Structures are given as structure tokens and as C-alpha cells.
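Student: Shown below is the structure under consideration.
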Amino acid sequence: MKNAIIMASGMGTRMLPLTLNTPKPLIPVCGIPMIETVIAGLLPVADRIYVVAGYLAEQFSYLAEKFDKVELIYNPVYETVNNISSIYAAREVLSMGSCFICEADLYLSDGSILGEPLEHSCYFGTMVEGFSPDWVFETDSEGFISRVGKGGKDCYNMVGISYFDKEDAERLRSAVEREYGQPGYETLFWDEVVDRNLRCLKLKIHPVEKGKIVEIDTVEELERFRAGRDAETNQKL
């Protein structure tokens, strides 16, 4: 079985004031709520899609009615615990089989990218030349990820989607359960748990062409993306 977890419980404070009354994943881009572009890409490849909601959670309920494969999971501590809490809330899913883990504030221009063959557990990543302050990956001589963290030069950047085969999904569940509740866990990103357990989690990078998956965090990024899409449309006319 292959499932998917979409993390959608955050408050989206960097996109205020748009997120005062609307969760960030439901903000439309090119007329479509961002999360629906992720779901559309997952529908052909996932047996079930679990959306972890917290902030304004009731607004996500329509997704379970619109898409037969979608189920909602509520994260009750989204205000006080970092996104490790979303994976913890959905930890049972990690024991069901292989699993995609996706952020919800993404715009997928071509959802078929999620249907590409995946031979290993992996993070999807885009190569960035020069220094990047964002989340990046370093790899060893065999191509396995040796570091997941912020800041790096001439390396692949995180684009918000990962895939864990059945064995690694179960290992990730165990690692999250070990970390959860330990001193300082409230500030943990779930990717930091992955970084701490790379000796038992064997992940590679699945390269993604720049622009295929776009993460939109702020109003400014949203406006730039919309302006870019409008420019592309005008050029085609």
C-alpha cells in the first residue's frame, strides 16, 4: 500500500493578512487552492491521502467530500509544537506501507512528477548553484543523503515532498515517537528527526526541474508567482 500525508496544520503567519480567515494551503493560485494541486498529483499514485489540519481545520472538510481518497487528521497542538506534531498525529499512517510526505503550501504545475518511478526512499529536490540559506541536502559518495539542514552551496534544495518506502516509513515512525515529548521537541521540524536518523534511513534525492514544484510562503512570493504566470500567459497570446 502507498499512502500520503499532507501537512496542513500551520497558521501561515508569514502570509498575513491573507491567512487571517483562510488557511494558507487553501489560498488559490491560478484559481486553484494550493493544496488541491498537491492532491491532484497524488490521486493517481496514492491509495489514501491524509490531510493533517489544525488552524481553521473545519475549512478543509470539503476535501474529504470532493476527493474519495482524502481523509482528515486533526493536530490538536499545532499552535504550540512545530511540524513534528503533524507527523506524530499521522504516525499510524507510517505503519501502513510506503508513504509520501508533502507540505500543503505548494503549487504543482505538473502533478505527474509524483508518478515518476521511485526506486529508493527520497526527498524531491531542485539543484541550486551557489549558496542557499534554505533547507538543503548533502550526499555521500554513494548518493545517499548524509545531511538535511539549512544552508549549503551548490546542492539540492528541499521542495516540500518526500517519499519513504515501507521499511523507512516504519523507521521514521519509531524515530518520531522517540523524539516526541523529549526536552525541546516543541521546536523540532520533522526533517530534523530525519537528519538525526540518516544512518538507518537510506534516502536519495529525486531531482526536480526548477519551477515544477513551487513553495509559496509569503504574500510577496505569491504576488511574484502570479505576476510571472500572467507574463507567461501574455507571451503565449
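The values are calculated or read from the model by the stated rules, or taken from the named source; none is laboratory data. Predicted model, so just to flag it, every value in this text is computed and none were measured. Cβ: placed from backbone, ideal geometry, glycine included. Neighbour counts: every protein chain shown. Just so you know, the surface numbers come from the protein's heavy atoms only, side chains and all, with ligands and any DNA or RNA stripped out. Shrake-Rupley method; radii C 1.70, N 1.55, O 1.52, S 1.80 Å.
Student: Is one or more of the residues making up the stretch 220-233 β-branched (Val, Ile, Thr), at pLDDT below 95 and on the phi < 0 side of the Ramachandran plot?
Tutor: yes
Student: Taking the stretch 74-90 as the region of interest, how many residues are open to solvent by 60 Å² or more (accessible area, probe 1.4 Å) and under 16 Å from the mean Cα position of the chain (by Cα)?
Tutor: Summing the residues that are open to solvent by 60 Å² or more (accessible area, probe 1.4 Å) and under 16 Å from the mean Cα position of the chain (by Cα) in the stretch 74-90 gives 1.
Student: List pairs: first residue in the stretch 113-125 and farther than 19 Å from Glu142 by Cα, second residue of a type in the set (Asp, Glu) anywhere in the structure, Cβ distance under 9 angstrom, at least six positions apart or on different chains.
Tutor: Final answer for the pair search is Ile113/Glu209.
Student: So, in the stretch 124-144, how many residues would count as being assigned to a strand (DSSP E or B) and open to solvent by 10 Å² or more (accessible area, probe 1.4 Å)?
Tutor: Looking only at that region, the number is 11.
Student: Among the residues of the stretch 1-31, which ones are closer than 24 Å to Ile113 by Cβ and without any contact (Cβ under 8 Å) to a residue 12 or more places away in the chain?
Tutor: Pro28, Gly31
Student: Among the residues of the stretch 92-123, count how many are out of contact with any strand residue (DSSP E or B) (no Cβ under 8 Å at 6 or more places or on another chain), open to solvent by less than 60 Å² (accessible area, probe 1.4 Å) and not in a loop (DSSP other than H, G, I, E, B).
Tutor: Total satisfying the criteria: 3.
Student: Still on this model: Identify, by number, the condition in (1) in contact with a helix residue (DSSP H, G or I) (Cβ under 7 Å, 6 or more places away or on another chain); (2) open to solvent by 20 Å² or more (accessible area, probe 1.4 Å); (3) of a type in the set (S, T, N, Q) that Thr37 doesn't meet.
Tutor: Every listed condition holds for Thr37 apart from (2).
Student: Do we have any residue at all in the stretch 22-38 that's polar (S, T, N, Q) and modelled with pLDDT under 95?
Tutor: There is no residue in the stretch 22-38 that is polar (S, T, N, Q) and modelled with pLDDT under 95.
Student: Okay, next question. Find the residue count for the stretch 171-188, including only residues that are open to solvent by 70 Å² or more (accessible area, probe 1.4 Å) and either under 18 Å from the mean Cα position of the chain (by Cα) or of a type in the set (Ser, Thr, Tyr) (or both).
Tutor: Number of matching residues: 1.
Student: Something else about it: Starting from the stretch 164-186, keep only residues that are under 21 Å from Met1 (Cα atoms) and in contact (Cβ under 8 Å) with a residue 40 or more places away in the chain, then list their pairs with residues that are open to solvent by 80 Å² or more (accessible area, probe 1.4 Å) and basic (Lys, Arg) whose Cβ atoms are within a distance under 8 Å, requiring at least 6 positions of separation or different chains.
Tutor: If the second residue must be open to solvent by 80 Å² or more (accessible area, probe 1.4 Å) and basic (Lys, Arg), the pairs left are Asp168/Lys202.
Student: Ok, one more. Just to be sure I understand, how many residues within the stretch 43-59 are more than 18 Å from Pro76 (Cα to Cα) and either out of contact with any helix residue (DSSP H, G or I) (no Cβ under 6 Å at 6 or more places or on another chain) or part of a strand (DSSP E or B) (or both)? Steps first, please.
Tutor: First pass over the stretch 43-59, keeping only residues more than 18 Å from Pro76 (Cα to Cα): 43-49.
Still in the running and either out of contact with any helix residue (DSSP H, G or I) (no Cβ under 6 Å at 6 or more places or on another chain) or part of a strand (DSSP E or B) (or both): 43, 46-49.
Here the count works out to 5.
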